[in-house]
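Shown next, in structure tokens, is the structure this report addresses.
What follows is calculated from the coordinates using simple rules that are stated; it is not laboratory data. Quick caveat: nothing in here was measured; it's all calculated off a predicted structure. Virtual Cβ from ideal backbone geometry, glycine too; neighbours counted across all protein chains shown.
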Amino acid sequence: MSAFFLVAVIFAIGNSCRQDDGHEACRSAYYWSTVFELDSQQRAFIQKQGICKIYLRYFDVVMRDGEAMPNATVQVSATVPKGVEIVPVVFIVNDCMRMAQPQLDSLLLTRILKMTETHDLGPVKEIQIDCDWTKQTQTAYFNMLERLHRRAAEKGIALSVTIRLHQLSMPVPPVDKGVLMMYNTGDITKRGGTNAILDMKDVEPFLPALDDYDLPLATAYPVFAWKVAFRGQHFLGFMHADDELPLTTGDTVLTVAPSPETVLKARDAVEKVRPRANDEMILYEISSQNLKRINTYHYEKVYDCRAVHAQHDSH
Amino acid sequence: MKKFMIAALFMLSMTATNSFACGPEITHNYYLFDVTAGDFKKNRNIVERCDEFWKNYTNSTVSSYQWHQDEIMEFAQKKNDEEMVGYLAELNKYLEISRDLGDTWDYPTKAQLQERQRTLLSMATIAASYRGTRLKAQWALLYMRANMVMKRHQVNVNYWKTTGKNLPPSVYREMMENIYAGALLQTGHRKEAINMFAEQGDFESIKWLLRKQRNLQGIKNMYASDPKSPALVFLVEDFVNNAQETLDDTGEDHVIDTDWIKSINARIIKKSEVEQFKVFAKQVIAEGKNPYPSMWKAAIGELQYLYGNHQEAVKTLTEAMAMAGTDRMADNARYIRLVAGVGANEPSAWLAEEMTWLLAKAQAEGRGRFDVDNQYAEVFDRLVYMELIPKFKAANNMNMVTGCYAMMNSSKELWHITEEEDENWNAMYSDWSGFSAQLNEMTGNQLVAYAQWMKSSSNDPLETFVKEHSWFDQIYFDDMAGTHYLAEGAFEKAVPLLKKVPLSFMEGQNICYYFANRDYTIARWITKQSFPESVRTDGPHLAKLKQNPKLKFCEEMISLKKKHEKAKGVKKEQLALQLARYYYQASLWGDCWYLAHYGKSLYDEVRSHEMDFAAEARKLLKESVQSEDFKVRQESLYALAFIPKDYEKEMSAYWGIDVNEAWASALEGRYQTDMAALASFVKQNASKTDSYVTKCDILKFYMK
């Protein structure tokens, strides 16, 4: 029984869906840590699953002393596995877009290319911007994207952005591609509600807008989990380490993770409304902890799910 | 925590003094609880202590390394101090690398990164090979710094244990210990690292590491795992200060300003958690496992004070002072007890005695009152502004209220600091000081009473303390009381006081140029008195005075008013017009505003104790406008159309976005009445109307 069964199932189904129409499917993954290092398990995963693209978070952009500045730049300690394309990703804190940023496009592109060159991560064919933009920041954000799009195109580089589900009903960013984030769909601070990472009840209301969304899309699916603590109904916080939060008797620590079935349901739902959005499926994200955790899934359940799914596909 | 908010100023003019009608909003809610000083802040002032070394080394030629790197190297080279030159060369390389490590838009090339690594490796090798004794600590620190940047944390852990900790105490060893604590953290020894940061007083690191433990449960867990943990000192101080912050930022509507609390990286601590903390703190004291019962007891005491139980707080804090803890913890309990003592109605003698102690402590810190690191001075500030002044205000003791403000504005009397008076800054008239703002709100009678009170002796110890530490100048108060009487329209009361003010005193004021160069007898509605931009108008000693214009104004007003009272017919109407001219010139909107005020701002308003001179002018003009004398009637009609009825409305409209439209709207009231009357008069007397009326553009616009 494969350790990466869930992933394999997602990818396998993804591939099978596109064999008929001749589109090449691509297996991709996000890498979101502050240190880019790949252990043997991660390298094996990449090789075994045929990952062709890694969306690597290069740095964040935050407001510092009134200026948009890079922050938490990834420390690169790994070489890129053979045959894998690195897509630099920059997360821009929405606050930065509360004012016009006329220099930001140029600063971003220059730094991304320098980092790529310094660490031999190229060639860059695509760059991605992640920003939880709102109506208030849309103008500044889109203006910046427009300029960045032009600059990147001059160098033969495509520009993509992340698209949150609620952004499907908002204007389309001026870029080449969007990555639909099929995670963080609920409110993690509410106990006993829907699964905050992925729940179809939260996803379904947004799906009708997917069909008409005027931008080529890829889709990112979650393979991560959160450990969160509650005191009664009160959200205490995330727990990255066991002693991170001061817990007392009666506090509850919950592990929130999407079930393999839900991930598959989400994949199916996208497939139904907009099959091409599954041409490229991206796993969020392949940290060593997540890969270890995937191993602990109840594989029998995953297997059953695959069986059901496969049966469904065969009709 | 002190909030220092400066409202955006939209100054029309700062012509006479640096007086701000819309000045800074300064609050005085400094944190009371501070036990992390002294023993727990031994590695503070690292930069200053390092600079002291360079100052000594260069025979006081330079005062800091940061700004004089090259000069220090030259100094060492000239001295042929090869040992130092070698060290400085490596130190400078390290500092350059450190500067490049932060996140900036620039990014190093591969070659630069490789070069950086080579440099650091070489630096570590050179540092490790040093065999001398003179710069042993510096080289050892550099070795650990290089390793830290290369992330060789385990090497640093080993080096500290075998070498670093055996070095004699010095600022360099303290820095090494700090790097060691960081290395412990990086190698998975979080608890040890936290305790070490706490012992070093590196509370920035602790604050980050314990960012999720900053509440009662965090304190409980820390205590359960290590009841002697030095980090508890940080957590308890943080808890109490957060409880204070939460209360300070809770509005009358009981809504907590969460955005502010978040922005200053504080935590909301509500009453229920405070009550539970008090129970837990008592338990800790009873168990006797923590070495600082004084701190825990003082925490209970401050929380009692914060929630209004002042008498209980004084009792608790008295007990805390006698308990085991550091010297600073005893002081901490004592000054919080003093603050609580005001509300607990402790006797005046006790308050004065404790304030004398606190002041001596503040002065002993050796820094001025504005230094935010002087906890004793900050507590003194909070004590006066947030306890004594409100208490005396509630008791309607205006003299003590004013005395307290005066004391806090008295650098020399309170802090023994002789401030060099900026010649363009009449500090004693500035609304930036609470003292001046307080005086501005006082009536002439209150100012006279205050001056008399300041000169009198008292049997009350606290009153004596305040008087002894407050600035006082008789001439200043004669001038100010006289000016306030003038502003109140009490010209007879103003005269004797203003007569005592020498012209040399007036010439020392920032508004003396106006005293000498403006004339209140000129009708403001006909002539605007302005100065060429090239002339310096603001500052002391810019003009020689032949007479006191305030005194002259008062005397003339007394005389005119008497004549007006007795006169009849046209003469009375002429006098009414003349009085209206004078009143309007002395009003906030006249050219001679300096008669009744010490500064001018767009946001000036008639104070509650002042006479509204503009309104008084309108009242007199309503009388003179009835005149059958053409000139008197004409000028009166013109003046009534000139003077806004509602200054606030017109001025705010004037500064609005759509100036023309908004202004026109604000002017509408005047258009319909006074401007209409003037227009009608002009139409009827077109051939006789004076040019100052006919050339008025607003009138022309209206008549179209």
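Just a few scattered comments:
- Straight Cα distances below 16 angstrom link A:K82 to the aspartates and glutamates A:E37, A:D39, A:D120, with same-chain residues fewer than 8 positions distant left out.
- In this rough spin-label picture, where each label sits 7 Å from Cα along the Cβ direction, the A:R64-B:E605 distance is 4.4 nm.
- Within 10 Å of the Cβ of each residue in B:99-107, the mean number of Cβ atoms contributed by other protein chains is 6.
- Crossing angle, helix B:82-101 versus chain B [Cα axis fit, 0-90 degrees, rounded to tens]: 60 degrees
- Note that the range A:81-91 has calculated 3J(HN,Hα) couplings of x, 4, x, 9, 9, 9, 9, x, 10, 10, 8 Hz, one per residue in order, obtained from phi through the Karplus relation 6.51 cos²θ - 1.76 cosθ + 1.60 (θ = phi - 60°); glycine and proline are x.
- Amide H contacts under 5 Å for A:I86, placed H, 5+ residues apart: A:I54
- The stretch between B:E492 and B:K700, if pulled fully straight at 0.36 nm per residue, gains 70.6 nm over its current Cα-Cα span.
- Per residue of the protein assembly as shown, the DSSP helices (runs of n ≥ 4 H) give a summed -39500 (n - 2.57) that works out to -16000 deg cm²/dmol at 222 nm.
- Principal-axis analysis of the Cα atoms of chain B puts helix B:630-642 at an angle of about 20° to the longest axis.
- Contour minus Cα-Cα distance for B:N445 and B:K391 (0.36 nm per residue): 17.2 nm
- Links that overshoot a 20 Å alpha carbon limit, given the list A:K272/A:K292; B:K562/B:K600; B:K563/B:K622; B:K500/B:K550; B:K151/B:K228: A:K272/A:K292; B:K562/B:K600; B:K151/B:K228
- Gained length - B:L503 relative to B:F630, 0.36 nm times residue gap less alpha-carbon distance: 41.6 nm
- As a rough footprinting exposure proxy, the listed residues B:C554, B:C592, B:C50 were ranked by other beta carbons within 10 Å of their own, and the order from fewest upward is B:C50, B:C592, B:C554.
- Applied to the range A:243-253, the Karplus parametrisation 6.51 cos²θ - 1.76 cosθ + 1.60 on θ = phi - 60° returns per-residue 3J(HN,Hα) values of 9, 5, 10, x, 9, 10, 4, x, 5, 10, 10 Hz, with x for Gly and Pro.
- Distance from the range B:271-342 to the range A:81-139 (C-alpha centre basis), Å: 53 Å
- Backbone HN-Hα couplings from phi across the range B:689-695 [Karplus 6.51/-1.76/1.60, Hz, Gly and Pro as x]: 5, 5, 5, 5, 8, 5, 7
- Paired Rg and Dmax values of the range A:56-191, which use every Cα atom, in angstrom: 15.1, 49
- Zero-based 10 Å bins, Cα pair distances in chain B, whole percents: 3, 11, 17, 17, 16, 14, 11, 7, 4, 1, 0
- Take every DSSP beta bridge whose two residues both sit in the protein assembly as shown; close to 30 percent of them are antiparallel.
- Equivalent ellipsoid semi-axes, the range B:43-200, via Cα gyration tensor eigenvalues times 5, rooted, Å: 25, 21, 16
- Between the range B:518-537 and the range B:145-191, the C-alpha centres lie 71 angstrom from each other.
- Looking at the protein assembly as shown, the pairs of alpha carbons with a distance over 53 Å make up 42% of the total.
- Other-chain or far-sequence residues with amide H under 5 Å of A:L283's (modelled H): A:S28, A:A29, A:Y30, A:Y221
- Interchain or long-range residues, amide H under 5 Å from A:Q128's placed H: A:V89, A:V90, A:S160
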